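The values are calculated or read from the model by the stated rules, or taken from the named source; none is laboratory data. Here the structure is a predicted model, which is why all the values come from computation and not from measurement. Because the Cβ atoms are built from the backbone with ideal geometry, glycine has one as well, and the counts that use them run over all protein chains shown.
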Amino acid sequence: MPVFFQTGFRPFFLLGALLVVVAMPWWGLYVVGSVDAPGPLMPLHWHVHEMVIGFSGAVLSGFLLTAAAKWTKRTTATGAALVLLVGAWVLGRLAVHVDLGLPMWLVAIPDAAWLGGLTVAVLRPIVLSKSWRNLGLAAVPLTLGVAHGTMLLTPEHAAWGWRLGLDAVILALVIVSGRIVPLFTGNALGVKLTRYPGLERSAVLATCLLLVADAVAAPIELTGVAAVLAGGFSLTRAVTWHTLQAMRRPLLGVLHVGTAGLGIGLIAVGFSRFGLGPGTAGLHVLTVGAIAMLCLGMMARVALGHTGRTLKSPMLATAAFSILGCVAVVRPMAELPGARETALLLAALGFGASFVLYLAHYTRILVGPRADGKPG
């Protein structure tokens, strides 16, 4: 089996980046009227689906398949099993990007198969190794599958579906960032960080509360309180992680920026649910400044660490982090009077450009053998 299909992060990181390079500029050009929306979905539903399910789901697939194998010391999906998961993801992208006049239940099948298979691939080693602390992460792809089915099969409930999917991605990143950012920071800086387990649990539980509140369509005030609490706890724990020192190392600093974005974005979304500020501005602080930033940072670091390379940020990756940071500032400006189309187009093109730079350096790493000659 080619090395490309020996570890989950390789194909899913590469294909996730390729999706952004195509879908984000396309969305920007659609907003200004230069192109038509692709596929059978409504334009906004297509954009949200591909960013939450297609892109975020791909990055989480690569991370979870790789991390679960490391955490449990058991294989997740490799070889033919990984080929099947990747093939289903690719078919899912074709199904929602090309309108073949198929019934929506048929369009929904590939992504449902990918997310269902991913759930089994991650859950199996967790159960066999009795690694119960990781059980919650196995529920993330299953929740994304429910969100995906809702968006495609019941358009009238699409907003409920994308909120559920977004909450699942946020929960995964809150859990993962709480594990890897302090660990990476302590290792890189040679310091022992003081950990606050109660604060960490509070951040996770508050995010779970937000997911459940959105899932049961609780009163908007309750979801707003849950979002503010989740953001406050996430931001507070990040303050204890030596962020200023970490910012001198781009490969580490990008993870700190993304973690801070989680807190700020969640608080902004929570306030918007009380009518304090435009909801889409806070939402895109969360999606660009937190989700995309953490995904790009994890894609950059994991690809180096798991291919036996030095953990030093390549120049193109540092440039990609900087561009994405600018996008996180520009995108909320679309709420300003008269700035919508310009800000959206610049943000979409900048988003795509950051992943072009990622691919320019990392493609050879993702498709080639490990630098240390080890398998995987």
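Does GLY261 meet the test of being within 20 Å of MET51 (Cβ to Cβ), surrounded by fewer than 19 Cβ atoms within 10 Å (Cβ to Cβ) and not polar (S, T, N, Q)? Steps first, answer last, please.
On the way: within 20 Å of MET51 (Cβ to Cβ): yes; surrounded by fewer than 19 Cβ atoms within 10 Å (Cβ to Cβ): no; not polar (S, T, N, Q): yes.
No: the conditions fail for GLY261.
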Subject >> Answer from ALA139, ALA158 - the residue that is among the small types (Gly, Ala, Ser), modelled with pLDDT under 95 and under 15 Å from LEU64 (Cα atoms) >> reply: ALA139
Subject >> Matching option when the condition is in contact (Cβ under 8 Å) with a residue 24 or more places away in the chain and touching a Leu at 6+ places or on another chain (Cβ under 7 Å), among LEU84, LEU153, LEU118 >> reply: LEU118
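Going by what's in this entry, would GLY198 be described as assigned to a helix (DSSP H, G or I), surrounded by 15 or more Cβ atoms within 10 Å (Cβ to Cβ) and not aromatic (Phe, Trp, Tyr)? Spell out how you get there, then give the answer.
Working: assigned to a helix (DSSP H, G or I): yes; surrounded by 15 or more Cβ atoms within 10 Å (Cβ to Cβ): no; not aromatic (Phe, Trp, Tyr): yes.
Judged against the criteria, GLY198 is not a match.
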Original post:
Taking interchain pairs and intrachain pairs at least six residues apart, which have beta carbon atoms under 7 angstrom, with the first residue in region 24-53 and more than 20 Å from PHE355 (Cβ to Cβ) and the second in a helix (DSSP H, G or I) and of a type in the set (D, E, K, R)?
Top reply: VAL32/GLU341
**OP:** Consider VAL3 carefully, then state whether it is closer than 17 Å to ASP111 by Cα, aliphatic (A, V, I, L, M) and over 19 Å from the mean Cα position of the chain (by Cα).
**Re:** no
Original post:
Can you tell me how many residues in region 345-361 are under 20 Å from the mean Cα position of the chain (by Cα) and either over 23 Å from PRO11 (Cα atoms) or hydroxyl-bearing (Ser, Thr, Tyr) (or both)?
Top reply: 6
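Restricting attention to region 246-273, report how many residues are of a type in the set (A, V, I, L, M, F, W, C) and without any contact (Cβ under 8 Å) to a residue 40 or more places away in the chain.
4
Considering only residues of region 341-376 that are outside any helix (DSSP H, G or I) and of a type in the set (Gly, Ala, Ser), which is surrounded by the most Cβ atoms within 10 Å (Cβ to Cβ)?
GLY376
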**OP:** Determine which member of the set VAL225, VAL181, VAL176 is in a helix (DSSP H, G or I), surrounded by 15 or more Cβ atoms within 10 Å (Cβ to Cβ) and more than 21 Å from the chain's Cα centre (by Cα).
**Re:** VAL225
